[in-house]
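Below is one structure, written out as structure tokens; the observations come after it.
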2 protein chains.
Amino acid sequence: MRKKVTLKQIAKELDVSISTVSKSLRDSHEISEDTRLKVQAFAKLYNYKPNNIALSLKNKKTKTIGIIIPEIVHHFFATVISGIEQVANENGYNVIVCLSDESFDKEVINLEMLANGSTDGFIMSLSKETQQKRDFHHIQEVINQGMPVVLFDRVTNDVFCDKVIIDDKQAAFDAVHFLIEQGFKKIALITTVDYVSVGKLRTDGYKKALKSNNISVDEELIIKIEDIENCAVKIENLIKEQNCDAIFAVNELFAVTAIKIAAKNNLKVPDDISVIGFTDGIISQFSTPSISTVSQNGIKMGRKAAQMLIDRLELEDEEDEHYKTEIIETNLIVRESTTTK
Amino acid sequence: MRKKVTLKQIAKELDVSISTVSKSLRDSHEISEDTRLKVQAFAKLYNYKPNNIALSLKNKKTKTIGIIIPEIVHHFFATVISGIEQVANENGYNVIVCLSDESFDKEVINLEMLANGSTDGFIMSLSKETQQKRDFHHIQEVINQGMPVVLFDRVTNDVFCDKVIIDDKQAAFDAVHFLIEQGFKKIALITTVDYVSVGKLRTDGYKKALKSNNISVDEELIIKIEDIENCAVKIENLIKEQNCDAIFAVNELFAVTAIKIAAKNNLKVPDDISVIGFTDGIISQFSTPSISTVSQNGIKMGRKAAQMLIDRLELEDEEDEHYKTEIIETNLIVRESTTTK
DNA sequence: TTTCAACACGAAAACGTTTTCGCGAGCTAT
DNA sequence: ATAGCTCGCGAAAACGTTTTCGTGTTGAAA
């Protein structure tokens with residue numbers, strides 16, 4: 001087993017000082033060509049690579065970005081990570097991923113764990129529980145310690161930092177407006193409970209679209225799902241009791257479930273009922289019928305978030321407290337689950 | 001901005017030595033209760049937390065696991081990460097994720113980057129390109145340096161280390177055997193090119209099942225997909241020209257695509273043709289009809305891999321070269337895409 | 001011959017820990 | 001009174017780097 005070789009060992013072998021070795025490898029002009037070449041040859045032979053940990057300690061920079069997200073088994077989050085990783089890689093950064101599992105405590109623990117020197121900054125999306133408690137002291141804490149944080153998707157106004165979001169309200173508005181344009185009048189909404197920020201915003205967009213088209217909002221047509229487990233019954237009730245002609249769902253799980261339940265009740269999508277989802281994930285693309293949806297462009301979101309974080313890290317000198325909120329454009333992808341009335 | 005406080009700063013403030021502070025915080029009996037409590041109170045006040053990087057350097061342990069996978073936007077890999085993260089967390093480890101993007105070069109770069117002190121060991125699944133080139137020197141290299149490596153799913157016999165796999169051949173055998181039991185005779189196979197190890201194994205299982213049931217293997221019924229882009233035409237040809245009564249697909253993308261194309265050609269699944277996929281991902285669960293499939297249990301795979309790696313890390317003393325290959329059991333999930341003939 | 005610059009290199013500090021060892025003060029026992 | 005022991009603490013090394021500064025040797029200029 002050939003353990004990694006250090007500067008000290010090279011120095012000893014070649015009978016020079018550690019400084020000389022270090023300088024040689026960094027092509028310092030202080031070192032004679034003779035020595036320099038000798039050292040470089042030796043280093044190459046033994047495959048010397050500087051130890052990252054030592055460098056991190058010395059430079060007070062880890063070149064590592066911490067990502068904290070609710071869960072990874074979720075296509076949208078996976079795409080965001082993918083985007084972050086691209087930009088991180090292009091800039092010589094690594095990413096370390098922690099999952100909060102939608103738990104406030106885990107979010108805090110992970111954050112504190114990584115804040116002790118492991119990362120230079122964070123990119124995160126809030127857990128449900130955190131959004132519910134509205135407790136963001138842990139995030140404020142790391143910001144106060146001088147670590148940049150970028151929030152994405154599930155953000156909050158209560159903490160000042162860079163953010164990357166989509167215009168959830170506008171996107172929902174567009175989707176519902178599209179349905180109205182196609183001639184639908186009785187449009188139901190399947191959304192989340194209000195404390196999930198994006199759910200709330202999409203609900204707002206839905207209502208706004210109806211109002212601006214002079215359709216009154218019927219609360220009977222709106223169902224709010226708490227947890228995914230028992231959503232089926234609620235949706236079934238909706239479909240059976242209200243004979244709506246279209247459904248807007250705030251995520252693709254709700255959308256595909258609605259489609260399945262419609263089929264079960266002998267309603268064909270899109271002939272009998274049109275459905276639009278949110279998030280252009282695997283489900284929307286591959287289900288039958290494929291689902292018209294609002295594309296969030298997770299890759300772009302991740303890339304943007306990473307770029308903002310790295311910019312702030314490399315700026316570094318004086319930190320301007322001028323935080324930005326970037327809005328990633330969405331677009332409506334029309335597929336088979338919608339038609340014209 | 002309250003920067004993180006260090007031992008040195010505490011020592012200075014309290015006018016004691018660094019050693020005294022360190023020992024106090026670690027409840028050393030060498031320190032009088034007076035001093036100990038004083039230091040602890042002060043440390044708590046200033047929210048002292050030891051710097052991970054410094055600890056890593058000192059202990060020569062990072063408590064970090066490197067994960068290198070082909071891509072993260074892939075439900076199976078996401079579940080594996082999820083499983084790894086669970087066990088890592090339970091044991092006080094962090095995970096740092098790198099994506100090879102199916103590229104050999106990126107795999108090498110990532111591996112070398114992380115091998116320079118950033119992680120204690122690796123969990124990885126080979127990129128397609130790596131499997132094609134059959135070049136594993138980079139992996140052997142880090143193993144030689146004394147870093148444990150656990151390979152999962154896409155593994156190779158050419159490198160000696162711990163592995164976690166499913167019995168791909170057996171699982172495929174079971175799936176095809178199930179189809180035969182249901183009365184199907186003309187069973188097609190949609191698989192990958194042979195250098196993808198798991199694709200090859202599943203193909204073998206398919207053939208074995210046919211033979212053991214005295215059905216001859218018809219190469220016309222087997223199509224091998226190189227890249228996902230142009231799989232549709234090949235599958236369409238298959239469905240049109242061979243009137244098979246069932247299809248076994250080696251992943252869920254192939255399966256769902258087959259179903260879509262069947263529908264396009266006025267063949268109903270499962271009435272006209274039965275389909276079994278591989279990988280119990282989002283698609284299989286939510287497509288219509290839902291897809292019968294072989295469940296790989298990614299979470300379990302990830303948990304097992306992490307446990308094996310950590311065991312080896314904590315064993316540490318003498319490394320027994322006795323590498324194990326764990327096999328995660330699979331199970332056939334029967335849903336709507338299959339029926340009886 | 002003296003002076004001074006250039007050259008080539010080494011010593012040491014610094015990053016933040018933990019841990020071993022040593023040392024002085026105070027006490028007990030002979 | 002003195003040896004020896006315990007207690008409480010500090011100095012220093014170690015992990016692997018980079019970088020500043022100092023220093024000795026050499027050669028050339030005055």
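Points to keep in mind about this one:
- Taken over segment A:99-147, residues that are assigned to a loop (DSSP other than H, G, I, E, B), away from every other protein chain (no Cβ under 14 Å) and open to solvent by 30 Å² or more (accessible area, probe 1.4 Å) amount to 2.
- Residue, modelled with the lowest pLDDT, within segment A:277-333, restricted to residues that are touching a Pro at 6+ places or on another chain (Cβ under 9 Å) and either among the hydroxyl-bearing types (Ser, Thr, Tyr) or closer than 27 Å to A:Thr203 by Cα (or both): A:Thr288
- Within the set B:Ile165, B:Ile109, the sole residue that is within 16 Å of the chain's Cα centre (by Cα) and of a type in the set (A, V, I, L, M, F, W, C) turns out to be B:Ile165.
- Some residue of segment B:271-278 being touching a residue at least 40 places away in the same chain (Cβ under 8 Å), more than 14 Å from chain A (Cβ to nearest Cβ), open to solvent by 10 Å² or more (accessible area, probe 1.4 Å) and under 21 Å from B:Thr119 (Cβ atoms): no
- Selection within segment B:34-50 - away from DNA strand C (no atom under 15 Å from the Cβ) and among the basic types (Lys, Arg): B:Lys38
- For segment B:16-28, taking the residues that are surrounded by fewer than 16 Cβ atoms within 10 Å (Cβ to Cβ) and within 7 Å of DNA strand D (Cβ to nearest atom), the one that is farthest from the chain's Cα centre (by Cα) is identified as B:Ser17.
- Within segment B:51-70, tally of residues that are open to solvent by less than 60 Å² (accessible area, probe 1.4 Å) and either within 16 Å of DNA strand C (Cβ to nearest atom) or not polar (S, T, N, Q) (or both): 11
- Total residues in segment B:29-60, condition of a type in the set (Phe, Trp, Tyr) and more than 44 Å from the chain's Cα centre (by Cα): 1
- Residue check, A:Thr288 touching a Cys at 6+ places or on another chain (Cβ under 7 Å), within 13 Å of another protein chain (Cβ to nearest Cβ) and within 25 Å of A:Gly183 (Cα to Cα): no
- Hits in segment A:223-259 - residues which are of a type in the set (Val, Ile, Thr) and without any contact (Cβ under 8 Å) to a residue 12 or more places away in the chain: A:Val233
- A Cβ distance below 8 Å, combined with a sequence gap of six or more or placement on separate chains, defines the contacts here; from segment A:1-21, residues that are acidic (Asp, Glu) reach residues that are open to solvent by less than 100 Å² (accessible area, probe 1.4 Å) in the pairs A:Glu13/A:Phe42.
- One residue stands out among those in segment A:156-173 that are touching a residue at least 60 places away in the same chain (Cβ under 8 Å) and part of a loop (DSSP other than H, G, I, E, B): the one that is nearest to A:Ser212 (Cα to Cα), which is A:Asp167.
- Condition broken by A:Asp34, with the remaining ones in (1) modelled with pLDDT under 95; (2) assigned by TED's automatic domain parsing to the domain that holds A:Thr130 satisfied: (2)
- Condition check for B:Val193: open to solvent by 10 Å² or more (accessible area, probe 1.4 Å) and under 15 Å from B:Gly277 (Cα atoms): no
- Tabulated pairs, segment B:66-85, first within 17 Å of B:Val155 (Cβ to Cβ), second of a type in the set (Lys, Arg), C-beta under 6 angstrom, 6+ apart or interchain: B:Gly83/B:Arg303
- Among all positions in segment A:125-135, there is at least one residue which is free of Cβ contacts under 8 Å to residues at least 60 places away in the same chain, β-branched (Val, Ile, Thr) and closer than 29 Å to B:Ile53 by Cα.
- Condition check for A:Leu267 on (1) in contact with a helix residue (DSSP H, G or I) (Cβ under 8 Å, 6 or more places away or on another chain); (2) open to solvent by less than 20 Å² (accessible area, probe 1.4 Å): one failure, at (2).
- Verdict on B:Val21 being in contact with a helix residue (DSSP H, G or I) (Cβ under 8 Å, 6 or more places away or on another chain) and either modelled with pLDDT under 95 or near DNA strand C (Cβ under 8 Å from one of its atoms) (or both): yes
- So A:His74, is it within 16 Å of DNA strand C (Cβ to nearest atom), open to solvent by 60 Å² or more (accessible area, probe 1.4 Å) and over 30 Å from B:Asn144 (Cα atoms): no
- Filter result for the condition that a residue is more than 15 Å from the chain's Cα centre (by Cα) and at negative phi, over B:Gln307, B:Gln296, B:Gln285: B:Gln285
- Matching residues, segment B:29-57, being away from every other protein chain (no Cβ under 13 Å), more than 8 Å from DNA strand D (Cβ to nearest atom) and over 17 Å from B:Val5 (Cβ atoms): B:Leu37
The values are calculated or read from the model by the stated rules, or taken from the named source; none is laboratory data. Because the structure is predicted, anything quoted here is derived from the model rather than measured. As a convention, Cβ positions derive from the backbone with ideal geometry for all residues, glycine included, and neighbour counts pool all protein chains shown. When the accessible area is computed, the model is the full protein with side chains, heavy atoms only, and any ligands, DNA or RNA have been set aside. Shrake-Rupley method; radii C 1.70, N 1.55, O 1.52, S 1.80 Å.
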